[in-house]
Amino acid sequence: MLKMPEPLAETLARRAEIVAALRAIVPGEGTIDSETGRRAYECDGLTAYRALPLAVVLPETRAQIVDILRACHRMGVRVVPRGAGTSLSGGALPLEDAVLLGLGKFQRILDIDLENRCVVAEPGVTNLAITHAVQDRGFYYAPDPSSQIACTIGGNVAENSGGVHCLKYGLTTNNVIGIEMVTIEGEVIRLGGKHYDAGGLDLLGAMVGSEGLLGVVTEVTVRILPKPPCARALLLGFASVRDASETVAAVIGAGIIPGGMEMMDRPATKAAEDFVHAGYPLDADAVLIVELDGCGPEVDHLADRVQSIAETHHATSCRVSQSEQERLLFWAGRKAAFPAVGRISPDYYCMDGTIPRRRLAEVLERMQQMEAEYGLRCANVFHAGDGNLHPLVLYDANVPGELDRAEEFGAAILRLCVEVGGVLTGEHGVGVEKRDLMGTMFSKTDLDQQMRLKCAFDPPGLLNPGKVFPELCRCAELGRVHVHGGKTRFPELERF
Amino acid sequence: MEQHDSKTEGVWGPRPQRGAGAEPLPAGGEPELAEIIATGAPIEIRAGGTKRPWGRPATGTILDISALRGILDYDPAELVLTARAATPLAEIESALAQAQQTLAFEPPDWRALLGTEGEPTLGGTIAVNASGPRRIRAGAARDHLLGFRAIDGTGQIWKAGGRVVKNVTGYDMSKLMAGAFGTLSLLTELSVRVLPRPETETTLLFEGETAAGATAAMTAALNTPHEISAAAWLPADIAARTKLAAATSLRLLRLEGPAQSVAYRAGALGGTQLDAATSQAIWRDIASVAPLLPPAGRCIWRLCTAPALAPALRDRVQATFEGAETFLDWGGGLLWASLPKQDAATALHALLHAFGGHATLIAASQQYRAGAVFQPRSAAQAALEARIKRGFDPGLVLNRFRMSEAW
């Protein structure tokens, strides 16, 4: 288990004073003080890690957010922002000495502007609600993380969320065109808007994916797209992962960027098929779902080309969806892969590395060896188009030691991803989960540069500490921004 | 295209060399460059030098980084290319073309616009976040930078991002570096996302529309699922100067993709079709702002607001500045404006502040570039940007004053 920063005793001792200050800003039920009330917020989607927040505050207006941050800044109290709490990396994990700032009450869509193809939403609006708000006019919001029914757009900005359509339509960062944010000092800053680009330093780009460490997002403007008139999916079976990988490379090499291109290995396929009965080929070592979207003639043309490429690469089965119902059925198993795996194992641990696709077969072989080494099984689903792996390590938390072994196995997988030229996380974020692995990808110098960005936004290091960086930010020690007379300004900062 | 002679008209060419720091520093690799930066003397980064007259004049000795050249890794199936910063774009585009791929943000060639010669480089293009007409569909240059190596203002070599298209490990430093004009770090190596080159293209022409009518029509077209990859409107006087030598205003919509798909969508949208070669040529001219050239004696501004506001913005610009010449790209989201030489910064920045958006001076003589080239920030944002600058470059060594009077 990873170690979180020691709660500051001084802050814990001032809890009553801090709660009173919050209550003066957000009266009544908006400030949660009771232990049972706080307990509801003790973890996010990374459920192995839990902590009781110092207090929970649920503001309803931007002015309240400004006042809360100002008060916390003045009192030197840490703040953990939270959307829907669906993070799989512990991005919204509370700290015992931090105020949990919940943005769940910001649920209004403020502006639907079809002329400029954008929607302005408060941060607590769910990802799917944006699409729901515009779909009757023929539009949708492209990034579609699998938690889209619950996860919020503010959380998507924090995590730079992806989904199965990233290869063609990009991540959150490519689809968010403006935000309003509040700094820890309570300054309101608007970045971007309904226009293209912003000129000057791209602070909007820096904010997206900053995991709640730089500021609190209070409004988001997203680009919406006209819905493609037609989509068809191909369900392809292969006798080997290698054949499936080569098919993926050949499809892209032929100049085709599918709307989605997903791979499942044999264990994941079997679990999914048993769960949803989508007609997946159970004799295949790898299954590919390739979705093509666009106008009808383009989709038909590309479906033929993908089918012929798959056949050249020894596909053992090939079905092309003949109806919308069949297309959704092909997807049903993939979209239910996680719960399906949940049926065959008491617990699973979902990893999120990205690798250069050409190394896939080799990575999967090494992971099979690791299964023996760690004594745990692993099922793989894979955003094949962009190289984003989701190995699911199966374990039983009730068996002593299995969780630790699962975490070690997961860490070994991520180190392998970095070793072959990939990265630790493709879309789930670093959070707590991958924090201590940052050193496998980045040198101290590299991480210091990232901390300099943090220090520019949040000099006292109060926003979401203990996440992303393997040690607390050393703004003073970095020696550039806030050294006065050679004195270290934050001697109390611990290293962990 | 008419070549603008930078030598006879000093204001458009490279700036006159100043004092003791006039000699370019010796070229070298990453460690050598880091050593030079670590000395703490202000330097102005130069590779191809083609975008040097854009932005505020930087202070410092020229640091020639053109030795940082060459493609380091390119596997078409991975859709990623890694190259050293000063690799000419032409070399990269040629390698990509062999695999039928391209830089989807369509880097514009602004040499004629800026009165420069030489080879545009990958690093320079990303550092200024310059994107062409396909920006409305494929995103900006900043959306294509996946990772980099760089040297900060103290001479430390560092890296961020990765060589894969999907990565959220740590802050997205690539976004911060793209468009920073080399003020935060010297980019030495870049990994960029590449995409298949469209199989074919056509452009649909619609004649005789007003700015308001054309903007509404561009919006309507962009709101169909027909995947318009570029949308521009040229008033009659500007359209007359293009290869098409049109006698009326022109609205242009580009479609790209497999031939069957392009034919189908073109049929659905109507208009007069241009063949692929003419289509390519006309968008190359629009990207390079050719219809407003030569820029001699004028200031050229890039004005960005919400696309639907384009006609109102254009009316205001035409009414405020006598002799203004304008055209629309990015479906209305980009208004190019060529104004008779004058200090228009205060007026245009106020106008764009009111409209919501930003005005950037792209081409002008040095006299005008010394003022506010970029849209001014709120006090809070300006303070934040200054802290970021000082975090990466506490001694203000890199491209000092290129983006801001303060740093």
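What follows is calculated from the coordinates using simple rules that are stated; it is not laboratory data. Given the structure is predicted, the values throughout are model-derived calculations rather than measurements. Here Cβ is always computed from backbone atoms with ideal geometry, including for glycine, and neighbour counts include all displayed protein chains.
Quick notes on this structure:
- With θ taken as phi - 60° and the Karplus curve 6.51 cos²θ - 1.76 cosθ + 1.60 applied, the whole-hertz 3J(HN,Hα) list for region A:347-353 is 9, 9, 10, 9, 9, 8, x Hz, x standing for glycine and proline.
- Average beta-carbon neighbours from other chains, 10 Å sphere, peptide B:153-159: 4
- Rg and Dmax of region B:103-202, based on Cα coordinates, read 14.3, 49 Å.
- For the peptides B:258-264, A:33-39, the ranking by mean Cβ contacts within 10 Å, running from highest to lowest, is B:258-264, A:33-39.
- Rounded to the nearest 500, the helix-only mean residue ellipticity at 222 nm of chain A stands at -10000 deg cm²/dmol, with each DSSP H run of n ≥ 4 adding -39,500 (n - 2.57).
- Qualifying trypsin sites (Lys or Arg not before Pro) in region A:191-237, where qualification requires a DSSP coil assignment and no more than 10 other C-beta atoms within 10 Å, are lacking entirely.
- Kyte-Doolittle at least -1.0, axis length at least 18 Å by Cα - qualifying DSSP helices, chain B: B:379-392
- Once both labels are positioned 7 Å from their Cα atoms along Cα-to-Cβ, the gap between A:Leu12 and B:Leu72 label points is 4.7 nm.
- Cα long-axis angle, helix A:402-419 against chain A (0 to 90 degrees, to the nearest 10): 80
- Order of A:Met264, B:Met403, A:Met75 under a 10 Å beta carbon neighbour criterion, fewest first: A:Met75, B:Met403, A:Met264
- Added length on full extension, which subtracts the Cα-Cα distance from 0.36 nm per residue, A:Arg377 to A:Glu42: 117.7 nm
- Sorted by Cβ density within 10 Å, fewest first, the residues B:Leu328, B:Leu122, A:Leu416: A:Leu416, B:Leu328, B:Leu122
- Straight-line cross-link reach from B:Lys159 at under 16 Å between alpha-carbon atoms covers these lysines, not counting any fewer than eight positions away in the same chain: A:Lys444, B:Lys175.
- Backbone N within region B:253-273 under 20 Å of label point (7 Å from B:Glu207 Cα along the Cβ vector): B:253-254, B:267, B:269-273
- Principal-axis analysis of the Cα atoms of chain A puts helix A:241-253 at an angle of about 80° to the longest axis.
- A:Lys3/A:Leu52 FRET efficiency (R0 22 Å; Cβ-Cβ; nearest 0.05): 0.85
- Span per principal axis, largest first, for the Cα atoms of chain A (Å): 69, 57, 44
- Whole-angstrom gap from region A:391-462 to region A:23-40, using each part's C-alpha centre: 32
- Along region A:461-468 the Karplus relation, 6.51 cos²θ - 1.76 cosθ + 1.60 evaluated at θ = phi - 60°, assigns HN-Hα couplings of x, 8, 8, 6, x, x, 10, 6 Hz to successive residues, with x for each Gly and Pro.
- Angle of helix A:360-374 to the longest C-alpha principal axis of chain A, folded into 0 to 90 degrees and rounded to 10: 70°.
- Semi-axis lengths, largest first, of the ellipsoid equivalent to region A:197-323 are 35, 20, 15 Å, with √(5λ) applied to each eigenvalue of the Cα gyration tensor.
- Summing Lys and Arg as +1 and Asp and Glu as -1 over all other residues whose Cβ lies under 14 Å from the Cβ of A:Asp113 gives a net charge of +1.
- Around the amide H of A:Val164, modelled in the peptide plane, lie the amide H atoms of A:Asp144, all under 5 Å away and 5 or more residues distant in sequence or on another chain.
- Under 16 Å from the Cα of A:Lys168 - lysines, other chains or at least 8 residues apart: A:Lys227, B:Lys166
- Here the 3J(HN,Hα) profile of region A:385-393, calculated from phi with Karplus coefficients 6.51, -1.76 and 1.60 at θ = phi - 60°, is x, 10, x, 8, 8, 10, x, 10, 8 Hz, Gly and Pro shown as x.
- Modelled label reach - A:Arg137, point 7 Å along Cα→Cβ, region A:206-249 residues with backbone N closer than 17 Å: A:220-228
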